[in-house]
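The values are calculated or read from the model by the stated rules, or taken from the named source; none is laboratory data. All of these numbers come straight from a predicted model, not from anything done at the bench. Heads up, the Cβs are rebuilt from the backbone with ideal geometry, glycines too, and the neighbour counts pull from every protein chain shown. For accessibility, only protein heavy atoms count, side chains too; no ligands or nucleic acids. Shrake-Rupley method; radii C 1.70, N 1.55, O 1.52, S 1.80 Å.
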Amino acid sequence: MALIDGAARRVRRGSTLLLPYVPAPEQVLETVRLFHPAAEQRGDTIRTADGIALRGPVAITPRVARRAGIPPGWPVAYVSKRGAELVPGLAHRMGGRWFHDGRPIRRRDADHHRATVYLPARPEPASLSALLLPYASPVTGSRQLKEAEDVVMLDGIAYTQVKGGGVDLYVGGRIAGLVRPATERPYALGALRGNSELLTCDLAEAEVLEQVPAELAMDVAQASLTIAEAYGGVALDLDGYRITRPEDLLPR
């Protein structure tokens, strides 16, 4: 594990992953590739052709921790030279802490039960409803539909086109989905980034809950994987990391 010059300054001024353990290099690279599939290990740094660079592991000595303002219990760091957007999801997936501009950032675990499926084409409403139903359960009523017009029931899923065009709303008893044109093209999409007709299907709880049960979060993740597989899409979490299993949306 490296000791680098100016470690305290780099940690304090940048976006840093703090860990309570020293991970295997292949574990870090494999996780980074869920965010950017083209990432490569070069010496002690993971790099991409887009300029993202993550250096580590870096030893956080008591002196470095004191100068950088790092709380106790985080002896290992990975420092982002570029691509600060990589770090929040990496911290979530690896059980670490995101340290940004000299302070630990509270994880938005309350939002991590949400998922986005990027799709190459708009699915037929009946087809998508059938895939969503096993996880969403039949709808019995929803505040989201009170002002909607032309609602159609498709095997227990309420479907409507939102005014303004291009937006489809699906509501089940537990999970809701919103299909619309994509506004971003995350690195994790790979070749799908070049699709000019790219759409997203955002999945979340059908009704706002103060605390989302783990079972519901895992059903959102599994629904996203099922939809992605059916339509040749890619399921991502809010940090732009590929979802590979239901547990990826659970708080850590």
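Gain on full extension, evaluated as 0.36 nm per residue between Arg252 and Ala38 minus their Cα-Cα distance, stands at 74.4 nm. In this view, the solvent-accessible surface of Met153, computed with a 1.4 Å probe and all protein chains in place, comes to about 110 Å². Taking each residue as 0.36 nm, the span from Glu26 to Ala49 lengthens on full extension beyond its C-alpha to C-alpha distance by 6.4 nm. Counting 0.36 nm for each residue step from Val151 to Arg103 and taking away their Cα separation leaves a gain of 12.6 nm.
Here the calculated FRET efficiency for Val208 and Ala126, from their Cβ-Cβ distance with R0 = 25 Å, stands at 0.35, rounded to the nearest 0.05.
By the helix-only formula, in which each DSSP H run with n ≥ 4 contributes -39500 (n - 2.57) and the sum is divided by residues, the chain has a 222 nm mean residue ellipticity of -7000 deg cm²/dmol. Summarised in one figure, the compactness ratio Rg/Rh of the chain, Cα atoms and Kirkwood Rh, is 1.04.
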